[in-house]
1. Is it the case that A:TYR68 is of a type in the set (Phe, Trp, Tyr), crowded, with 18+ Cβ neighbours inside 10 Å and at pLDDT 95 or above?
2. Condition test on A:MET184, is it touching a Lys or Arg at 6+ places or on another chain (Cβ under 7 Å) and away from ligand 1 (no atom under 12 Å from the Cβ)?
3. Can you find a residue that is more than 16 Å from ligand 3 (Cβ to nearest atom), under 19 Å from A:THR140 (Cβ atoms) and in contact with a Phe, Trp or Tyr (Cβ under 7 Å, 6 or more places away or on another chain) anywhere in the range A:217-240?
4. Identify, from the list A:ILE188, A:ILE192, A:ILE202, the residue that is under 19 Å from A:ILE42 (Cβ atoms) and not in a helix (DSSP H, G or I).
5. Among residues belonging to the range A:44-100 that are of a type in the set (D, E, K, R) and within 13 Å of ligand 1 (Cβ to nearest atom), point out the one that is farthest from the other protein chains (Cβ to nearest Cβ).
6. Please determine whether any residue of the range A:38-53 is under 30 Å from B:GLU29 (Cα atoms) and within 16 Å of ligand 2 (Cβ to nearest atom).
7. Please verify whether the range A:4-25 includes one or more residues that are more than 9 Å from every other protein chain (Cβ to nearest Cβ), within 16 Å of ligand 3 (Cβ to nearest atom) and either basic (Lys, Arg) or assigned to a helix (DSSP H, G or I) (or both).
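The values are calculated or read from the model by the stated rules, or taken from the named source; none is laboratory data. Given the structure is predicted, the values throughout are model-derived calculations rather than measurements. Positions of Cβ are backbone-derived with ideal geometry, glycine not excepted, and every protein chain shown enters the neighbour counts.
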Amino acid sequence: MSATGTCEFQPKDYKSDLKPIWCPGCGDFSVVQGIYRALAAIGRPPHEIAFVSGIGCSSRIPGYTTAYGFNSVHGRSLPIAQGIKLANPDLLVLAAGGDGDGFSIGGGHIAHLIRRNMDITYIVMDNQIYGLTKGQLSPTSQKGRVTCTSRYGSLENPVNPLLYVLAYGAGFVAQASPTDLVGMAATIEEAIRYPGFAFVNIQSPCVTYGEEAQQIKGLKAISETLASLGHNPADRLAAMDLAQHYGEKLHLGVFYRNPEPPPTYGDLVKERQTLLSKDALPKERILDLFIKK
Amino acid sequence: MATRGIDFASLSLMDALDLAILVEEEAQERYEEFAAQMDQHRTPDAARFFRFMAENESKHGLELSARRAQRFSDAPRLVSRAMIFDIEAPDYDAARAFMSPRRAMAAALASEVKAHAFFVAALPALKDAEVRSLFEELRDEEIEHQDLVKAELAKLPLDSGLSDEDFVDEPAPQ
Ligand SMILES: Cc1ncc(C[n+]2csc(CCOP(=O)(O)OP(=O)(O)O)c2C)c(N)n1
Ligand code: SF4
Ligand SMILES: [Mg+2]
């Protein structure tokens, strides 16, 4: 492996020695494999990657990679990821977490990341449940869902993560699942390559607290690739139309990819810095700013 | 089970051997992972069986590697693990905490059936005669592996009639 990133990387180069403590059968095992493969295809060395998560079973994921990882605070992966990207724009920054982490406690952060369009890829492992805390309702749980916190069934409609990010104007929106491993790795790779904010919702079954219909067999029964439907990923309205079927159908692939990606926040910051640096004082005269003449 | 970027029609013998080695490596690693998961979840019988499977996969991998070295020496590998997805490795979804040895063996049997299906499906696309005969050999070996697992299954005492699900608690108020 060279530090220049010119040599070829293998998926195993991104696998850490830490043994996952997920329940055997958890969908997140396949997700991390998809991430190893996507990163190998991208070919950036692990030390050039920062991987930030919140709290949850899924949020353990950075620790299972050789990238720099930050298993942070529940719902706060996105502000931390943005800080890292701003401080070191050359890093490849990934953020990941669960449906609870991303759309409940952390839901308010997504809108601001999208409107800033920072070059960050956000992967949500959506299992429609709070896994880590032992099976409470999550924001994507179906209405009527019986859990330990909803003995008579949930009275709330689920959040639709796909429509949520599309409505705020995300430039790249996709969905994947361990039911299609090749598609999942390719989708994550494409998301990372997109120059701007990219969102991938991964239907990743919780085998311990998830419902039967949300396990691999159930998901396979409702899955359909967007490519097989002839969907044009440049068509945002068509993407929104398809995204409405979240929860009934499992559409896999890219819903929307902005064909003309706008500048990222990082690009704009660089531009502003160049502009302002023309009139800036040289370093040795910086105190002049504070000294009255 | 899937592949990415493999052109079976133009597959050379060296690449075919390397792919077969990678398939065994992937399966060996998965069984080792499963064994570690079972250790973590205090399921020793299934862990022991998954280690037995990992050793078998390793043995097959070493045999293939020896053949590859004899024929192609240390010529660099042109195929990679990124091209294969769970060919002979059991699906992650096949493992469960507290799984019985019977269920562990059923998972292994399903993956041997899956691997057999992979070689059967690839055969019609192969053009090279040597590659074809290698794939036929590997296909037939998968039947032998299935027999090996079936023999282990036959050694098990009669089923108690209880299912793993009988030990799962219903959601309780907290
Ligand atoms: C501020 C704060 N509130 C609540 C919690 C408790 N908590 C930990 S993980 C979690 C939800 C996990 O669900 P999700 O994000 O969907 O991840 P999963 O475990 O399903 O992968 C909650 C509520 C916490 N750790 N911190
Ligand atoms: S509780 Fe669910 S989400 Fe958490 S590790 Fe277990 S299967 Fe995975
Ligand atoms: Mg969850």
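1. Values: of a type in the set (Phe, Trp, Tyr): yes; crowded, with 18+ Cβ neighbours inside 10 Å: no; at pLDDT 95 or above: yes.
Spelling it out, it is not the case that A:TYR68 is of a type in the set (Phe, Trp, Tyr), crowded, with 18+ Cβ neighbours inside 10 Å and at pLDDT 95 or above.
2. Values: touching a Lys or Arg at 6+ places or on another chain (Cβ under 7 Å): no; away from ligand 1 (no atom under 12 Å from the Cβ): yes.
It is false that A:MET184 is touching a Lys or Arg at 6+ places or on another chain (Cβ under 7 Å) and away from ligand 1 (no atom under 12 Å from the Cβ).
3. yes
4. Details: A:ILE188 fails: not in a helix (DSSP H, G or I); A:ILE192 fails: not in a helix (DSSP H, G or I).
So the residue among A:ILE188, A:ILE192, A:ILE202 that is under 19 Å from A:ILE42 (Cβ atoms) and not in a helix (DSSP H, G or I) is A:ILE202.
5. Just the residues of the range A:44-100 that are of a type in the set (D, E, K, R), to begin with: A:44, A:48, A:60, A:76, A:85, A:90, A:99.
With the extra rule that they be within 13 Å of ligand 1 (Cβ to nearest atom), the set shrinks to A:60, A:76, A:99.
Numbers: A:ARG60: 13, A:ARG76: 25, A:ASP99: 18 Å.
Across the range A:44-100, the extreme among qualifying residues is A:ARG76.
6. Let us first name the residues in the range A:38-53 that are under 30 Å from B:GLU29 (Cα atoms), namely A:38-53.
Then keep just the ones that are within 16 Å of ligand 2 (Cβ to nearest atom); that gives A:53.
Looking through the range A:38-53, at least one residue is under 30 Å from B:GLU29 (Cα atoms) and within 16 Å of ligand 2 (Cβ to nearest atom).
7. No, the range A:4-25 contains no residue that is more than 9 Å from every other protein chain (Cβ to nearest Cβ), within 16 Å of ligand 3 (Cβ to nearest atom) and either basic (Lys, Arg) or assigned to a helix (DSSP H, G or I) (or both).
Quick grid of which residues meet (1) within 11 Å of another protein chain (Cβ to nearest Cβ); (2) within 16 Å of ligand 1 (Cβ to nearest atom); (3) within 26 Å of A:ILE49 (Cβ to Cβ):
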{"site": "A:THR133", "(1), (2), (3)": "yes, yes, no"}
{"site": "A:GLN136", "(1), (2), (3)": "yes, yes, no"}
{"site": "A:GLY144", "(1), (2), (3)": "no, no, no"}
{"site": "A:THR179", "(1), (2), (3)": "yes, no, no"}
{"site": "A:ALA191", "(1), (2), (3)": "no, no, yes"}
{"site": "A:GLN203", "(1), (2), (3)": "no, yes, yes"}
{"site": "A:LYS217", "(1), (2), (3)": "yes, no, no"}
